[in-house]
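**Q** Shown below is the structure under consideration.
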C-alpha cells in the first residue's frame, strides 16, 4: 500500500506503508497535539521542533513522561524522517499544524 502525503506547493510524495518503516498516524498525533493536556504539550513541542527546529524547541526529557505507545510513535516518526531523508514539512502542511500552533502559542526561541 502507498500513502500519498502533501508537500509544500501542492506536490505529493508517496511513501509505502508496507515497508519495514511505516509512517505513524500523523493525523492522530496532530489531533492529540492540539489538545490542552500535558501529554499534548509534549507531543506538540516534539512535532513543532521537527517541523521548524529554528523556531520551536522541545525538551527531549519531557518525552519520557509519555505513555509507551505515544513515545514509540514519536520515535517511529523520527526514524521515518531519518531513514528517508525527509523533513516533517514534506508530510505535514502549515494548515495541518495551525491548530497545534494556536493551542501552544508562540514559539520558544533560544
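**Q** Return only the number of the condition from (1) surrounded by 14 or more Cβ atoms within 10 Å (Cβ to Cβ); (2) within 15 Å of the chain's Cα centre (by Cα); (3) not in a loop (DSSP other than H, G, I, E, B) that residue 62 does not satisfy.
**A** (2)
**Q** Within the group 70, 109, 98, 86, which residue is modelled with pLDDT under 90 and over 11 Å from the mean Cα position of the chain (by Cα)?
**A** Answer to the check: 109.
**Q** Answer yes or no: is there a residue in the range 23-46 that is touching a strand residue (DSSP E or B) at 6+ places or on another chain (Cβ under 6 Å) and either modelled with pLDDT of 95 or more or under 21 Å from residue 82 (Cα atoms) (or both).
**A** Pass one, the range 23-46, residues touching a strand residue (DSSP E or B) at 6+ places or on another chain (Cβ under 6 Å): 23.
From what's left, either modelled with pLDDT of 95 or more or under 21 Å from residue 82 (Cα atoms) (or both): 23.
Yes, the range 23-46 contains at least one residue that is touching a strand residue (DSSP E or B) at 6+ places or on another chain (Cβ under 6 Å) and either modelled with pLDDT of 95 or more or under 21 Å from residue 82 (Cα atoms) (or both).
**Q** For residues in the range 33-58 being loosely packed, with under 12 Cβ neighbours inside 10 Å and in contact (Cβ under 8 Å) with a residue 12 or more places away in the chain, which is nearest to residue 95 (Cα to Cα)?
**A** Within the range 33-58, the first condition is being loosely packed, with under 12 Cβ neighbours inside 10 Å, and the residues that meet it are 36-38, 54.
Retained after the next criterion (residues that are in contact (Cβ under 8 Å) with a residue 12 or more places away in the chain): 36, 38.
Details: 36: 19, 38: 23 Å.
Only one residue tops the list, namely 36.
**Q** Please enumerate the residues belonging to the range 65-93 that are touching a residue at least 12 places away in the same chain (Cβ under 8 Å), assigned to a helix (DSSP H, G or I) and either more than 14 Å from residue 39 (Cβ to Cβ) or in contact with a strand residue (DSSP E or B) (Cβ under 6 Å, 6 or more places away or on another chain) (or both).
**A** Selection gives 76, 77, 78, 79, 80, 81, 83, 88, 89, 90.
The values are calculated or read from the model by the stated rules, or taken from the named source; none is laboratory data. Keep in mind the model is a prediction, meaning the values are calculated, not measured. In this analysis, Cβ positions are derived from the backbone assuming ideal geometry, glycine residues included, and neighbour counts consider all displayed protein chains.
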